[in-house]
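Enquirer: Have a look at the structure that comes next, please.
Rule-based calculations on the coordinates, nothing more; no lab input. Not measured: the values here are computed from a predicted model. Quick reminder, even Gly has a Cβ in these numbers, built from the backbone with ideal geometry, and neighbours come from all protein chains shown.
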Amino acid sequence: MKGFTLIELLLSLAIVGILVAVGVTSFSAQNRGETLQQEADKIVSLLGAARADTLAAREGTQYGIHFEEQRAVLFSGAAYSASAAGNRAQALHREVKISAISLFGGGSEVFFQKLTGKTAQSGTVTLSLVSDASKTKVITIAGTGVAYSN
């Protein structure tokens with residue numbers, strides 16, 4: 001009778017283990033990349049909602065977005081107030097953070113103008129993975145008020 005030796009079995013198990021580890025690592029990296037894109041899309045959507053609310057003159061006021069490391073907040077009025085009841089926060093996934101805010105004039109808020117939807121705070125907001133800061137998505141906010149991610 002012919003069978004497998006213990007060495008052959010151990011070698012086969014080691015090869016299978018290596019293949020599984022490589023597959024899991026690749027899947028995990030792919031998943032984090034998708035999470036980063038999804039969070040960028042959520043922030044772009046929130047910017048679009050603030051601009052649309054301003055253009056629609058909802059409640060007769062303008063709207064804006066305030067950025068923090070772990071969230072973006074849609075607010076109404078000429079200034080951000082953390083305690084305002086109407087604020088709508090969009091928390092980021094725990095694996096994603098806002099790593100850089102580079103808006104014209106500085107600051108961490110974007111305000112949209114009534115009637116035109118334009119903003120004087122054009123610039124970029126960069127999202128990155130907490131575990132790997134080299135993996136980023138840049139959200140660009142044009143002077144027209146339109147936002148998009150790369």
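Enquirer: By how many degrees, between 0 and 90 and to the nearest 10, does the Cα long axis of helix 6-55 differ from the longest principal axis of the chain?
Expert: Helix 6-55 and the main axis of the chain meet at about 10 degrees.
Enquirer: Check which residues have an amide H placed less than 5 Å from LEU103's amide H, if you skip close sequence neighbours.
Expert: Counting only residues 5 or more places away or on other chains, the set is THR124.
Enquirer: Just give me a number: lysine pairs in the chain, eight or more positions apart or cross-chain, with C-alpha atoms less than 22 Å apart.
Expert: Eligible lysine pairs with Cα atoms under 22 Å apart amount to 6.
Enquirer: Would you look at the GNM of the chain, springs on alpha carbons closer than 10 Å, and say which of VAL125, VAL22, VAL96 moves the most?
Expert: VAL22
Enquirer: On to the next question. Which of GLY33, GLY86, GLY77 moves most in a GNM of the chain, Cα contacts under 10 Å?
Expert: Sorting by GNM fluctuation, first place goes to GLY86.
Enquirer: Taking the Cβ of ARG58 as the center, what net charge do the other residues with Cβ under 13 Å away carry, scoring Lys and Arg +1 and Asp and Glu -1?
Expert: +1
Enquirer: Quick one: what do you get for the chain if you divide its Cα Rg by 2.2 N^0.38 Å?
Expert: Taking the Cα Rg and dividing by 2.2 N^0.38 Å, one obtains 1.55.
Enquirer: Simple spin-label model, 7 Å along Cα-to-Cβ: GLN113 to VAL22 in nm?
Expert: According to this spin-label approximation, the distance is 5.7 nm.
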